[in-house]
Structures are given as structure tokens and as C-alpha cells.
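Structure first, commentary second.
Every read-out reported here was derived from the displayed coordinates using simple, explicitly stated rules and does not represent laboratory data. What you are looking at is a predicted structure, and each value in this text was computed from that prediction instead of being measured. Cβ placement follows ideal geometry from the backbone for every residue including glycine, while neighbour counts extend to all protein chains displayed.
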Amino acid sequence: MVDNKKALIYILSCTFILGLLWWIVRVIPLENKHKFLPELVLGERVDFNNDIRPIINNKCIACHGGVKRSGGFSLLFEEEALEANESGKRAIVPGNVNKSELIQRITHNNPEYRMPLESTPLSEEEIDLFSRWINQGAQWDDHWAYKAPEKPAVPEIDSKWISNDIDRFVQEKLVEKQLSPNPTSDKQSLLRRLSFDITGLPPTITEMQQFVNDNSDSAYEKVVDSLLASPAYGERWAAMWMDLARYADSKGYEADRIREIWKYRDWLVNAFNENLPYDQFVITQLAGDLKPSPSDQDFIATAFHRNTMNNDEGGTDNEEFRVAAVLDRVNTTWTVLQGTTMECVQCHSHPYDPIRHEDYFRSLAFFNQTADADVPSEAPVLLTYIEEEDQKNLELIKNWANEHGSQNRNGDYYERLLRLGVPKLYAHYFYQMDKGLPIQGTATFKVDQEVYSFTKELPFEGEDRLAFKARTNGSEGKILFYLDSINGEKIGEWKVKARFKKEYDEEEKKEKTYYLNEVISLPIKAVNGVHDLYMVWEGEEGVEQTSTFEWLMLHHTLPGVGNEKYPEVEKAMYALFNSENEKEATPVMVDLPENYHRESRVFEKGSWMVPGEEVEVGVPAIWNPFDEYEGNRMGLAKWLFDKENPLTARVMVNRIWEQFFGRGIVSSLEDFGSQGFAPTHPELLDWLAIKFRDDFDWDIKKLIKEIVMSGTYRQSSHFTEESREKDPLNEWLARGPRIRLNAEQVRDQSLAISGLLSGKMFGKSVMPEQPDGIWQVVYNGTKWETSKGSEKYRRALYTFWRRTSPYPSIISFDAPSREFCLPKRIATNTPLQALVTLNDPVYLDAAIALGRRVLLSSHTDESERLSLMYSLAMVRGISEEKLEALQSIYQQTTTYFENSPEEICKLTGEEDKALAVYTVMANVVMNLDEFLMKS
């Protein structure tokens, strides 16, 4: 009887446990099961990001993701992964591995069914992870970088090495990795490193002496503040941003003609020196033209996105290359500001991150309404009048319009008309009816006896003037302007008269006639609504006359008609339209008026020639919502700085960190996605991002100071056996940075220590010496003309940058061509670099100048002179060992020139043996490893 009771109790207990388990499995929400079921049943908790996502990205996503959806199954988005696939089965049934087709397929014995197909099977460990993850509810999780940062607690660690909270995060990781930090660097090495990092230039001997002799507790902070206040600071950080902005002085593509955009570089230098907060720095570059009352500087800042390439080759389709520029703006914006490889999404959904194909074109819609159109003039450009005559005319017109015009037709309206010239309709908006065929997309369109031209759906808003730029040859005639057809309502006519000039051609030894492009503005009948506009020639039969048009623009008559001074003001206006005086023309961003807006559509498989469904502006759903913002570039720019945006602050903090340490906390600067590198110090990254955003209010100088004041930054860069073995890449920061100076710094340092470096800031790009014949570009006869005097010794960021043929010595040190945005330069070490620093004319000039500087000093002893030369270069004293090595080279060089006196003048241009010897010695010093490195 007792045994029966025990058996009954046992059966009832088992039934209760099984019932409880059934209730947990069926009733408790999947995400809470792990709280009720022991690890014995469900196994150790599986983390989606750490355990499952890497397997999916490496083994599954190629066939089941953004590019392919084999079997109708995708693992890119949670909702797609959980739905039934083409077979009608669900690959993942949360909480039930037996019903999950994915588990059946990855464990199948038949290789024709086992996944992944034609590839190595998943390991037992990977299968176990998938099984436990599904049993635990198949909980998805956003990638770490797509969650808004939360401020972590600062580790409570005390050490004499710690200078600020950055060090506490670093020290915690060093303890975890069983590493010890290096001691603080010596003062000479530290100031040299700091000076290059903040200003891009070496310290002077005077600055070094002051720092070394200052034994106060604030000595280091004082020198940090001094360097941050230096004008050279803005130049150093502008040079970094120019890679991101793909800044160049040429347009790119085949002809690669000159582009005048240096005012944007000047804006960058000023923005950094004035410490423009990062949010305003970015917003102004993306949408300065959309501010309520934009200044010239606001417009110039938008040249950030006019640095896209422009194709001047004849026969190309302007719309194709306009679209190419817009695509580049999308890619650059996401790469630079969000660390996201958005270019992947042009053709299909992102292969690794939950960004849909349509999201790319929602982003494109922000940039699709700008007035630029891949035309040779690069319009819209902001004209800056240089000549006093033009400046006076502009001021006269503005004052007149403010006095006689309305709120919408004031001085600002006419200044915009004259200096920006928008909205212009360029040739590709027009159809040219030639022999019964409509031709579109050319650089110009024409009207003559046999050809008429028209544009469709032109919005009229009561404009009573029609301006256009045209060139006419042949006899006189008329061009009539009709609405809606060649027999429609006539709204205006132009009495055509060829305008030309004659010049004597020295090469052909004869006089030539040149027909001139001129801007005409003629009165038309004011109409409203949307109409087609036709342009038809009228004149004598058999008369040869052709008018070739570049652009056309509707505008309103200057107010104040009838006033006795009106003819004078009107004359000034048309004088500005056709002024041939020198002007500065900076390509800028300007949005089209709303009635000119383009449709934005998805490109099927990424091809602009296969437009799909129409889309509105928007951002990927995985990030902070866009609902509250304007549907334009300004809205996008503000959205980037929403507190819920997970990436903006992180990406910039990481970029600044990389500039100091040679490696970002996330080493893939361009990719914070799931295929990028994980952060080495995730808590430090988020702490810095939130501090930059909230405590520093986007102040870049404060961020820089926080980093360089840390003990982490101030460490010696010497290797220890411990760090060499455990941390060869210095990921865990147990030593200071030891990396080669960048291309600009290598050049600027040589000029600085020789005394040749020009301190001139701003202005047009300069052309230092480079070998003849490098600039051989088809269809472009522009020549490299070496700048005169000290101009050729200006800092490297002012060097003329041609995309198809960048300045050779800078390219040798890994600078990009800047055809596209470059988030990070990859440092290389090649023999070509040594050939540059030993032989390039700039480095030879610097060596001669340094040699002369030493010879002109008060020192007469050979060892004193060599010591001085080393000190001028390295800003520190020389060791006995190095001095002996230099003395040995000195003796060899002296003997060489004594035996080969003819080589003296070849080297220096002077018959001065001492100068030749010390030029060689300077060349040796400037090629030392320690001279070219930041350590």
C-alpha cells in the first residue's frame, strides 16, 4: 500500500512538472521563458549579436539576405526570417526546434539539402547555438551601433598613471588583458607628438625650451591650450576633412578641367579655427543654403557636396552624370556622418544590415532637388565680384530693389538672380527637333531655319522677363517664343543679331572671328500655370543663321519702371549679366523652386535608366524616426543630431580618436555595421560620444583637449616585450602612438625646420615644383605653372589638387586622388617614399635651406653644426652614437666633393663646397626614421 502511494505521488509530481513546463512553453512569452526554465533545460543564454549574427553573416546571408532570397527566405530582417518561405514552412519557429526548418536543413545528411549548399557544414558548436537560440525564443537584437548610446558608469580605478576618466576605461581593459601602461613620454617627444597632432607642424626650438623649462603642474595644459589657439590648428584639421569632402581643384573624369572651389577650403580652415560646434559645422555644409537668411559663407559651406565630379566630355548625358553626383552625395553623407556603407544599398537591400533597397532612394530624395545639372559652367555658382565697377553696380541694384520692390522682389531676390542665377533651365531640359527627331541631353541646344526647340511643363508664375545665354552666327532674323505648340500663343520675340569679335591668331598668322556668348533678357507676356515653351526661328528663306543656347531662365522685371533713374539701374543690371571682369565663382548647393521639383524613384537593380516606384524622403527604420523634421536637406541635417541618433556622435569621436592613435576605437571608420570591427573599448566610445554631445555641446576643441590630456595619450611609445607579444597592434593602448606622419605633415615639416615654410593662409591653390609632362590630360591644355617666390612653399593643403594627376610627392605618401570620399588613409611603407624625400625638388630646396641655416649660425665646429642641424630637425639634443654616425657621413661627403668638384654646383646651384656638404647632411637628417615618424 505504501509503495502504491509513493508511485501515485511520483506520477502526480511528474504530471505537475510536465504541466508546468507545458504552461511555460505555451503561455509564458518567449522572451521570459529563460527566467522560468533552468539552463539545464534551455541551455546557457545565447546572445544574438555575439553568437548568432556572426554565423548568419559569414555562412548564411550570401543566399538568404539583402542580395538573394533563395527559397523566399531572408535572415536580414526579423519579420522576414519568421514568416513562411516558398515551401510553406517556417524556417524559424521560436521556442520549437523540431518545427524549425532551419535546424532540419543545417543538420541534414544529404549534401543536396544540407545548408549551406556547396559549402562547409556548420560546426557542432554553431548548430548547438542555433538550436538553443531557437528554443530560447529566437530573440532578435539590434546591432550595438544602431542603439542610441547610454552613458556608462566610469570605472572606479585609482592609479598614479590616471590623468582623467578616459584612463579609467583604458586601465580597466589593460587589467583584463594583463597589460601595464607605459610611463609618460619624455617632454621633447611629447611636445613634438602633440604639436603634429594639433597643428600638423613641429614645435619650434623656442617652444620646446619653454615647455622643458616650465616645471609647473599646468605646463602641459598651457601648451595644449596654446596649440589649440594657433591658426595652424584650423589648417591641420581642414586637411583631414578635405579627404572626407573629396576636395579637389578639378572636376574629374576625362578632361578633368579646373574647378574654382578654394573658398570652401578657406571656409573649413575658418570653421575649425573659430571652433564652430560640430552640429553647426555639419548642418551648414549639408544645408547652409536653406537657412532663413543664408550668408555668403553659408552658401560656400555647401560646396561640401559640390565637390562631386562633373563630366565635361562631349556627347555625355548630363542627366546620367547629374544622377551620379547625387548618388555620390548619398554615399558620402552616410559614410562620413553615420559610418554606414550605404553604397551597398543602391542595387539591393544591404547584404548584412537591416537597411532596405528603398531606403537608399529615400535618402537620394533629399539631394535630388538641387539645381546643379552636370553642365560645364557648374552652375549654380556663387559669384563674388572683384572689380569695383561690378561691386558698385550690384549695390546700386540691391538698394534700388529694396526701395522700389516688394517683399518678394527685393534686393535679395535680384542679388540671388545675379550672383546665383537660379532657377536656370539648361540644355538637357530642352528637346531639339532636328529632321523630325527630338534630340535631348546635349550641352547646348539650337534654333535655326530647320530646327526648333521646346521644353515641357515649364511652370510660369507671372514672370515678365526671359533671360538666356546664347551665341549667334550668320544673318539677322527673329526667334519667337510660343506656348504649348509652334502655333500656340506668342509671348515674346528676340531680334537676333550676331555679336562677335576679331582677334589675330599668332599660330595661324591670320585674323579670326569669334562669336560671343551673351546674356539676353527680353520682355515677355506674363502668364501663369504650367505650359510647354517653344522656340522657333523666323526670317528670310535660304538665310544661314543659327542661335545656340546654353540656358534659359524666367524672372521678374526690375521694379521702379517709369522712374527717371530706372534706365541707369536697368543698364547696371544687364552690365552685370554680361560682365567680362574677373569674378570668383564657387559651385554651391541651391534647391530648385518647388514647382521645378523632380520625382525621386527607386532604381531597379541600381540603374538610373530603370526607374521604379516613386519615393518620398526618409531614413532607414532602424534608426531614430524622421517624422518631426522637414522633408529636405535641412531636415536630414537636423535629424543627424537628434539625441536618439545612435551614430553621429560615435562616428565623429571615433574619427578624432583615430587621428591621435592611428587606430579608431572602432578600427573600421567607414563601417559601424555588423561587418565592421567591434569597438575595443565600447564603454569608452559611448562615454566620449555622450560627453561630446551633451557636456561639450559638440565642441571639437574640448573633445581634443580631453583626449590629449589623458595619461593614455601621454604614454611613451616604446615597445615592451609584454606589449609586443600581447598587443602588437596597440588595440588595448598599453603604449603611446608610433605612426608615420601623413603626406602633408612630412612635406610641411621639412619646409618648417628649414625656414622656408610660408605662413600665408587662405586663397587660391598654389603649384609647387613638379616634373614636366605629368599633366598630360586629353582635351585639356591647362599647364602646371610653378608658383613664384614663397607661394610654392605654402602648407601642403594649399597645393593644387588635380584628380587625374595629383601632386606626386603627396600621392607617394598615401594621399588619395579624391575622386570619391576617403574615410581613412592606409599608411604604406615603400621605397618610392624614400626616393621622394631624397630627390623631390621641394625636399632638396629644404635641405639646401637647412644647410645654409646651419652655416650661417654662430657655430664653426663640425660637431656643433651637426648637433645644431639635428636639433633643428628633431627639436631635441643628439646622442653621442648618432653624432658619430653623422660625423662619419660628413667625412665621406666631404671627400666625395673634394674628388668631384663639378658635382657641387649641380646639387646647390652654387660653387660652395661647405653648402653642398651640409645640404647632403640635411638630406640625411630629414630622412631619418625618427624624423618621418610621430612617436
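Listed values, structure above:
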quantity: Proxy reagent accessibility, fewest Cβ within 10 Å first, across Glu541, Glu387; calculated: Glu541, Glu387
quantity: Most to least packed among 426-437, 774-785 [average Cβ atoms within 10 Å]; calculated: 426-437, 774-785
quantity: Across Lys160/Lys726; Lys392/Lys571; Lys59/Lys177, pairs whose alpha-carbon gap is larger than 19 Å; calculated: Lys160/Lys726; Lys59/Lys177
quantity: Proximal aspartates and glutamates relative to Lys398, as straight alpha-carbon distance under 15 Å, when same-chain residues fewer than 8 apart are discounted; calculated: Glu389, Asp390, Asp412, Glu415, Glu568, Glu570
quantity: Cα gyration tensor shape of segment 38-141, rounded if a/c is under 1.5, else prolate or oblate by comparing a/b with b/c; calculated: rounded
quantity: Nearby aspartates and glutamates by direct alpha-carbon distance to Lys512 (threshold 12 angstrom, same-chain neighbours under 8 apart not counted); calculated: Glu503
quantity: Calculated SAXS-style log₁₀ I(q)/I(0) at q = 0.12, 0.23 Å⁻¹ - segment 686-794, Debye, Cα scatterers; calculated: -0.79, -1.23
quantity: Set of aspartates and glutamates near Lys882 by C-alpha distance (under 17 Å), chain-local residues within fewer than 8 positions excluded; calculated: Asp861, Glu862, Glu864, Asp929, Glu930
quantity: Estimated Rh, segment 841-934: Kirkwood, alpha-carbon pairs, angstrom; calculated: 13.3
quantity: Solvent-free Debye scattering, log10 I(q)/I(0), computed from the Cα coordinates of segment 110-178 at q = 0.14, 0.21, 0.29 Å⁻¹; calculated: -0.76, -0.95, -1.19
quantity: Fewest-first ranking of Thr586, Thr513, using other Cβ atoms within 10 Å as the exposure measure; calculated: Thr513, Thr586
quantity: Segment 553-691: Cα Rg divided by the 2.2 N^0.38 Å rule of thumb; calculated: 1.71
quantity: Rg in Å to one decimal, and Dmax rounded to a whole Å, for segment 91-233 via C-alpha atoms; calculated: 27.8, 78
quantity: 3J(HN,Hα) from dihedral phi, segment 414-425, Karplus parametrisation 6.51/-1.76/1.60, rounded to Hz, x for glycine, proline; calculated: 7, 5, 4, 4, 7, 8, 10, x, 10, x, 8, 9
quantity: Peptides ranked, highest mean first, by Cβ atoms within 10 Å: ranges 170-181, 369-380, 554-565; calculated: 369-380, 170-181, 554-565
quantity: Stokes-Einstein D for the chain, Kirkwood Rh over Cα pairs, 10 °C, 1.306 mPa s (µm²/s); calculated: 48
quantity: Residues with amide H under 5 Å from that of Gly612, placed H, sequence gap 5 or more; calculated: Val602, Phe603, Glu604
quantity: Relative packing of peptides 908-915, 525-532 - highest average C-beta neighbours within 10 Å first; calculated: 908-915, 525-532
